[in-house]
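The values are calculated or read from the model by the stated rules, or taken from the named source; none is laboratory data. Treat the numbers as computed from the prediction; the structure is a model and nothing was measured. Because the Cβ atoms are built from the backbone with ideal geometry, glycine has one as well, and the counts that use them run over all protein chains shown. Ligands, DNA and RNA are stripped out before the accessible areas are found, and what is left, the full protein with its side chains, is counted by its heavy atoms. Shrake-Rupley method; radii C 1.70, N 1.55, O 1.52, S 1.80 Å.
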Amino acid sequence: MQQNEESRGVKGGVEGPGGYREVWLLAYPIVITMLSRTAMMFVDTAMVGRLGATELAAVGLAGILTWTLFSFFQGFLGSVNTFVAQRYGAGNRQGVTVAAWQGLYLALGSYLFILVISLFTGPAFALMKPSPEVQRLAGIYTQIRLYGGITVFISFGMASFLRGIGDTKTPMRIEIVANLVNLLLDYLLIFGKFGCPRLEIVGAAIATLVAGVVAVICYFAVFLSRKSDRAFQTRSHFQIDFGDLRRILRIGLPMGVHNLMDMGSFTVFVALVGRMGDIALAANNAGVTLISTSFMPLYGISMAATTLVGHYIGSGQLHYARRSGYTAIKLGVVYTFFVAIAFFLVPEFLISLVTPDAEVIRLGTRLLFFAALFQLSDGFGICASGALKGAGDTFFTMCVSIGYAWLLFLPLAYALGFWLGYGVPGAWCGATIYIILAGITYFLRFRSDRWERIRI
């Protein structure tokens, strides 16, 4: 009877466990969250872009370095989602809360670590060898962002808890509020409006920091609310559990390394582009800002896959876990298809939304052609990776990231960009090959049954 029910559900594709309706209802608030974050990044970049190509290049370079560092902790603390989802699916409410609190303790420890790292950002920019002014401005922006890292880490942990229990709307609302605060302060502090000081890129960094504080206040208000305490005893099970910490570290560290290696390779890539001049770097940053339109919502669908795969593994329904993953992959491909069409048809218009500089627009238009080529692979690769994380298959994703990003992507981008003299388009061609191969690999891994045998 169960097999027949499953067969009817798979055939229908829309209703039932793991169908389009369930995946979309869980995914769309995350997609809106990611779109609002993308819109914030877009407007933030566009505002800074009005200051000049040097300022745009500096904030782009600083943003890449900052998120390279944060990406490790995003993956690391994001593993809380996997534990919460599987325990929630198994009906273990106390275990859900214990995992959430351990995530908060790991967030505090992560902040101490990032403060130490912040002492070395100056030498890091020196190694990248951008122009002296870009290096100076990027250093200032990065220091402010890293000092506010505690708000970012707590938000990672709290959002993972809420999404793990299937509540994706609350993080959406909190992110939107925080983004609106950021945008308002951007306008006031970057340009010195309504009596505020004109702080330019310093104002952009301060706006992001304050918005992070607002988000943390909102997350704690929800987590410690009477409603959450009645459902999960969030005010009671706050003790440190070293066994749980070890389990989260075992699954979370590969996720963190995966993100770090992925973003780290991209940071080195941006540093290579930076050596080609400020115009090349500004065009690269404008292109990356637009690409965020594609991959940020994809992460929303991917997170929905993580949660649902975790729920169904926790409840012992592996067939629904698999179906959830495939549904998410199909949604990702449909979305990226339309993004690819836009990048092909109106690249010049899209780049002009970020910067008015004619040279940057001309070069950025060429880069969006490569972005269009890898969209579909990015779609099924990111969503398949999210499904694997829901099963705790994080060691495999880490190995793919290390091997493909550092042994294929960077050497290929350097060879095409510098040795063969194709410049930024050549480097982006290398990135395109890397993304396509990585997406295929993640998809093939999900098609296998190895992830079904993992126990966290």
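Within straight-line reach of K330, meaning a Cα separation under 23 Å, sit the following lysines at least 8 residues removed in sequence or on another chain: K11, K169, K389. Here the chain is treated with +1 on each Lys and Arg Cβ and -1 on each Asp and Glu Cβ, and its dipole about the Cα centre works out to around 1000 debye. The range 271-349 and the range 194-232 have Cα centres spaced 26 Å apart. Projecting the alpha carbon convex hull of the range 329-456 along each direction and taking the average yields 8.7 nm².
Using the per-residue mean of other Cβ atoms lying within 10 Å as a proxy for protection, in what order, highest first, do the peptides 118-124, 98-104, 80-86 fall? Spell out each step's value before the answer.
Numbers: 118-124: 14.3, 98-104: 24.9, 80-86: 28.6.
The most tightly packed comes first, giving 80-86, 98-104, 118-124.
Per-residue 3J(HN,Hα) values for the range 440-456, derived from phi via the Karplus relation 6.51 cos²θ - 1.76 cosθ + 1.60 with θ = phi - 60°, read 4, 5, 4, 5, 5, 5, 5, 5, 6, 10, 5, 5, 6, 9, 7, 10, 9 Hz in sequence order (x marks Gly and Pro). When Rg and the Kirkwood Rh are both derived from Cα coordinates, the Rg/Rh ratio for the range 215-265 amounts to 1.16.
Assuming a ≥ b ≥ c are the square roots of the Cα gyration tensor eigenvalues, decide whether the range 140-183 counts as rounded (a/c under 1.5), prolate (otherwise, with a/b larger than b/c) or oblate. It is oblate, given that a/c is not under 1.5 and a/b is not larger than b/c.
Loop only by DSSP, 16 or fewer other Cβ within 10 Å of the Cβ. Give me the trypsin sites (Lys or Arg not before Pro) in the range 120-226 that pass, ordered by residue number. Listed in order of number, the matching sites are K193, R198.
Note on the range 47-102: Cα-only Rg and Dmax are 18.8, 55 Å. What is the range 363-416 by shape, rounded, prolate or oblate, if you read a ≥ b ≥ c off the alpha carbon gyration tensor as root eigenvalues and call it rounded for a/c under 1.5, prolate for a/b larger than b/c, and oblate otherwise? It comes out oblate by the Cα gyration axes. For the chain, which whole-number percentage of the solvent-accessible area (1.4 Å probe, protein heavy atoms only) is attributable to carbon and sulfur atoms? About 68 percent, which is the carbon plus sulfur part of the accessible surface. Taking the alpha-carbon centroid of each part, what is the distance from the range 383-452 to the range 241-262 in angstrom? If we compute the Cα centre of each part, the gap is 20 Å.
Along the range 407-421 the Karplus relation, 6.51 cos²θ - 1.76 cosθ + 1.60 evaluated at θ = phi - 60°, assigns HN-Hα couplings of 9, 10, 4, 5, x, 5, 4, 5, 5, 6, x, 10, 4, 8, x Hz to successive residues, with x for each Gly and Pro.
Under 1.5 on a/c is rounded, so check that first for the range 61-209, then, if it is not, pick prolate when a/b is larger than b/c and oblate when it is not; a ≥ b ≥ c are the square roots of the alpha carbon gyration tensor eigenvalues. Show your work: numbers first, answer last.
Values: a/c = 3.17, a/b = 1.67, b/c = 1.90.
Oblate, since a/c reaches 1.5 and b/c is not below a/b.
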